[in-house]
Each structure stands twice: as C-alpha cells, then as structure tokens.
Amino acid sequence: MVAVMTKDEGEKLFRLIDANLNRLKEGIRVVEDCQRYIFDNKNLTKKLKSIRHKARVENFQEFLKHRDIVGDVAKSTTKSEKNRDNIDDVLIANIKRAEESARVLEESFKLLDSSKAKDFKLIRYELYDIEKSIWQN
C-alpha cells in the first residue's frame, strides 16, 4: 500500500530519504574504514561493506532531485559533533548515526514501499549486531 500524499509532501519525503541514505552510508563507511585501517578487522570490514552495498535504492536520482542543502534549517554543526576524544567516540557516533538513519528510512519507506521498509529494518538489525561485535572485541 502506498500512502496518499500531496506533491509537496512527496517531495519532502524524498528529501528526507535522500538525506538519510547519505547519513546511513557515511556512518557505515566511517565504521568500516576504522575496522579496516585501524583495527585490521577483516570480518567486520567485510560485513560493513556488504551492508553499505545493501543500502541502495533504485532510481536514487529521483530522491537526489529533492536535495536542498541551502534550505536545510539544521545544517550547522552542533558542538558535540565538532569534537571526538578518541577512536571509540568516532565509532559510537557513526554506528549510532547509521542505525538512526536506517530507522528513518524504514519508517519513510512504509509510506512508499513496504518491502524496501523491511530491507532497511534488516540493515538496522545487522548494524545492532555489528555494534555488539565491536564492543566485544
């Protein structure tokens, strides 16, 4: 079932999806590169890369068309985002960023494509599992 939305609501939803696809992939990439280059963890690197590649949507250009960086009301960086004290802080910030974005995508796609919503739910749970693995090592 696809939700009935006005054109403006649909465009704003596409903007929300575009932003969160970027956040999801960026967060995963940071954690992936830390596991690869800092911890030499081949297994987690491989899992993260696989998840990042799953985080795709068809017709991404349709979402990209609605990107509005100039009009973003919250694009300025918060104080907590400007500082990290150690690599653990980097990992925590980015795994959480990815998990949160996967949740937003899951909820957003419930309005457009329930199978895609399920895909992002699975990604979110895979990230939860990886997060646990990181802190158990």
Charge tally in the Cβ shell below 13 Å around Ala117, where Lys, Arg are +1 and Asp, Glu are -1, Ala117 excluded: +2
With each pseudo-label sitting 7 Å past Cα toward Cβ, what's the Arg36-Asn22 distance in nm, one decimal? 2.1
Note down the nm distance, to one decimal, between modelled labels 7 Å out along Cα→Cβ at Arg56 and at Gln136. 3.0
Compute the distance from the alpha-carbon center of segment 7-41 to that of segment 88-137, in whole Å. 10
With r defined as the distance between the Cβ atoms of Asp88 and Ala117 and R0 fixed at 35 Å, what FRET efficiency is calculated, to the nearest 0.05? 0.65
Which of the peptides 113-122, 94-103 is most tightly packed, and how do the rest follow, going by the mean number of other Cβ atoms within 10 Å of each residue? 94-103, 113-122
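Every number in this text was worked out from the coordinates using simple rules, so none of it is lab data. The model shown is predicted, which means the values in this text are computed figures rather than measured ones. FYI the Cβ positions are ideal-geometry reconstructions off the backbone, even for glycines, and counts take in every protein chain you see.
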